[in-house]
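Here the structure comes first, spelled out in structure tokens, and everything after it is commentary.
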Amino acid sequence: MSKIKMIAVAAAMVLMAGLTACNPGGSASPGGEESITIGIKFDQPGLGLQVGNEYEGFDVEVARYVASELGYSNINFVFSPSPQRENMIMGGQVKLIFATYSITDERKEQVSFAGPYFVAGQDLLVQSDSTITGPQDLEGKKLCSVTGSTSAQKVSDEYPGVQLQNFDSYSKCVDALVNGSIDAVTTDDVILAGYAAQEQYAGKLKVVGAPFSEERYGVGMKKGDTELCNQVNEAIAKMISSGAWAEALDKTVGPSGYTIPEPPAQDSCS
């Protein structure tokens, strides 16, 4: 190898090392931007929805705001199904997850959470002519939820007379509700409102409007990463205080008719 080539190779190695050093917790994109991989849902209208090659919804808006505050200018969004979220975090497939991810003590045994950045309540989605008015009417009825969700676990624990069917996505539950193979879908009210508001379901579906739990949406990350947790909490608090949080909700969830709640305070990181 000539002396000139050796100098060029050495310079390239120094440049690559510099990019790595200035990008802890991320990776350099081909354009030299800071990048981060974030898990979201791809099939939840108003929250996390893939439209062509783009992503939209409140979870997506919060993820973008937080990523920008953390110094990342490029986001790689990946699908994070409910049953796989903990494994994706622990396996390093994602840095953060914004996916209607309820904070629970059981989940905190495996991962850490920043937030909450939103508080919802578990409710029911039914056909528009249904007589179901709440979980007390579900005895003997076919109810659909998603494997690995807090909604499915709560129904199993508190309403044993329900015929619970677990699918791998809420969109499949909604399809089953529309075709009459199940009687109701249960998950968080804000998720259900997004489905009910879709054009193809106009006049066919309704949210019962009798929430029976509190679901605090957190940002999932590797267990014990207190520094990152504090940084994410600071970003969420800034988004709320600046008015960007309310603007994002109005744009993404507001069209469904869902009543926008007060912003939550964030938990302390530990």
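The values are calculated or read from the model by the stated rules, or taken from the named source; none is laboratory data. Small disclaimer: the values here were computed from a predicted structure and weren't measured. For neighbour counting, all protein chains shown are included, and Cβ atoms are generated from backbone atoms with ideal geometry for every residue, glycine included.
Taking the range 199-229 as the range and being surrounded by fewer than 16 Cβ atoms within 10 Å (Cβ to Cβ), in contact (Cβ under 8 Å) with a residue 40 or more places away in the chain and over 15 Å from residue 107 (Cα atoms) as the test, the residues that pass are 203, 204, 209, 214, 226. When 140, 148 are screened for being within 21 Å of residue 38 (Cα to Cα) and outside the structural domain of residue 231 (by TED's automatic domain parsing), only 148 passes. Checked against (1) closer than 24 Å to residue 255 by Cβ; (2) aliphatic (A, V, I, L, M); (3) in contact with a helix residue (DSSP H, G or I) (Cβ under 6 Å, 6 or more places away or on another chain), residue 111 passes all but a single condition, namely (1).
Could you list all residues from the range 150-170 that are in contact with a helix residue (DSSP H, G or I) (Cβ under 8 Å, 6 or more places away or on another chain), closer than 17 Å to residue 123 by Cβ, at pLDDT 85 or above and not aromatic (Phe, Trp, Tyr)? Correct list: 158, 162, 164. For the range 215-270, a residue qualifies if it is under 17 Å from the mean Cα position of the chain (by Cα), more than 22 Å from residue 55 (Cα to Cα) and assigned to a helix (DSSP H, G or I), and the qualifying residues are 229, 233. Go through the residues of the range 82-98 one by one and say whether even a single one is at pLDDT 95 or above, surrounded by 21 or more Cβ atoms within 10 Å (Cβ to Cβ) and of a type in the set (Ser, Thr, Tyr). No, the range 82-98 contains no residue that is at pLDDT 95 or above, surrounded by 21 or more Cβ atoms within 10 Å (Cβ to Cβ) and of a type in the set (Ser, Thr, Tyr). Among the residues of the range 99-128, the ones that are surrounded by fewer than 22 Cβ atoms within 10 Å (Cβ to Cβ) and in a loop (DSSP other than H, G, I, E, B) come to 7 in all. Residue count for the range 129-171, restricted to those that are in a strand (DSSP E or B) and surrounded by fewer than 21 Cβ atoms within 10 Å (Cβ to Cβ): 6. Looking only at the range 56-81, count every residue that is at positive phi and surrounded by fewer than 17 Cβ atoms within 10 Å (Cβ to Cβ) and tell me the total. Qualifying residue count for the region: 1.
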